[in-house]
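Here the structure is laid out as structure tokens; the discussion comes afterwards.
Computed from the coordinates by the stated procedures, all read-outs in this text should not be read as laboratory data. Fair warning: this is a prediction, and the values are worked out from it, not measured in the lab. Positions of Cβ are backbone-derived with ideal geometry, glycine not excepted, and every protein chain shown enters the neighbour counts.
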Amino acid sequence: MIVFDNVTFSYGARNILSGASFSIRFEERVAVLGGSGEGKTTILRLVLGLIKPDSGKIFVDGEDITEKSESELREIRMKFNIVFQEGALFDSLNVRENVAFCLREYTKMSEEEINARVEEILGIVGVDQALELMPEELSGGMHRRVSLARSLALSTPRMFLYDEPTTGLDPINANNICKLIADLSKDGKGLIMVTHKVSDAMKVADRFMFLKDGRAIFDGNRKELLHADHAEIQAFVSEVGFYNTAATS
Ligand SMILES: Nc1ncnc2c1ncn2[C@@H]1O[C@H](COP(=O)(O)OP(=O)(O)O)[C@@H](O)[C@H]1O
Ligand SMILES: [Mg+2]
């Protein structure tokens, strides 16, 4: 379980979170929605202990991570698998080498073990035909799959964290990535996806939070989101055409 207890956070004078409180179980599939600059990425960075709150507490698995040393935090981070917004690959390495890189860097696996793991994981994300291709030869969707594979290769997490995983993809590839994300959580492993796209959120999550002015101003299920009595949330939902179709059906 992840608990935010009255968390405030600022970048310099710029207040990002002001008294955010919520808890998320590891098995939940949660979308954190909100406009750009509302602090979505900041929440993921706080969960991983990459930054510390100015006040308030954050608990992961019952442990107060705001008090942890860097080496203790490393253990906490192993519980998660994060796919950051950019997901950049190394241009000079082919697909196989891109995925192997992390394993060489952060594990003591033998070359044979690394090879087997790379092939297994690229199979899971459906790019096992592209092992020898260079990043520039990949389509946007394949590129995203490989960067997903790279972060999957390292650990078997308790929970997946995704930061705007479909940004910059065309609708078909975005849809495929959402399917993949949903698939990876099929066996009950939870996820937190931060996004400004309600349509993507609907495909992978069953709990929705909406960030605004430093807090979660909404927290509910799909139906509650579609009928939320808040103009800004309605604007988000209607922007993708969901509000009108779903509200009338
Ligand atoms: N390292 C930083 N230093 C100063 N400001 C930052 C930094 N990182 C992010 N910000 C600003 O903080 C705000 C919230 O950031 P972020 O959590 O990335 O928002 P979101 O992911 O919802 O778009 C943004 O306006 C961003 O420009
Ligand atoms: Mg962001």
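Every helix of 4 or more DSSP H residues in the chain counts as -39500 (n - 2.57), and over all residues that averages to -11500 deg cm²/dmol at 222 nm. If you take all other residues with their beta carbon under 14 Å from the beta carbon of Met202, and give Lys and Arg +1 and Asp and Glu -1, the sum is +3.
The convex hull built on the alpha-carbon positions of segment 88-156 has an orientation-averaged projected area of 4.1 nm².
According to the square roots a ≥ b ≥ c of the eigenvalues of the Cα gyration tensor, what is the shape class of the chain, taking rounded for a/c under 1.5, prolate for a/b larger than b/c otherwise, and oblate for the remainder? Here the chain falls in the oblate category. Net charge in the neighbourhood of Gly141 (other residues with Cβ under 14 Å of its Cβ; Lys, Arg +1, Asp, Glu -1) is 0.
For the chain, what does the relative contact order come out to in percent, with C-alpha contacts under 8 Å and a separation of six or more? Rounded, it is 26 percent for the chain. What shape does segment 139-227 take by its C-alpha gyration tensor, where a ≥ b ≥ c are the square roots of the eigenvalues and a/c under 1.5 counts as rounded, a/b above b/c as prolate, and the rest as oblate? Note, shape of segment 139-227 comes out prolate. Highest-first packing order for the peptide set 59-65, 76-82 is 76-82, 59-65, based on the mean count of other beta carbon atoms within 10 Å. For segment 88-196, the relative contact order comes to 29 percent (Cα pairs under 8 Å, sequence separation of at least 6).
For segment 182-245, the relative contact order works out to 24 percent when only alpha carbon pairs closer than 8 Å and six or more residues apart are counted. Take the alpha carbon atoms of segment 125-157, find their center, do the same for segment 70-84, and report the distance between the two centers in whole angstrom. Using only Cα atoms to place each centre, the spacing works out to 21 Å.
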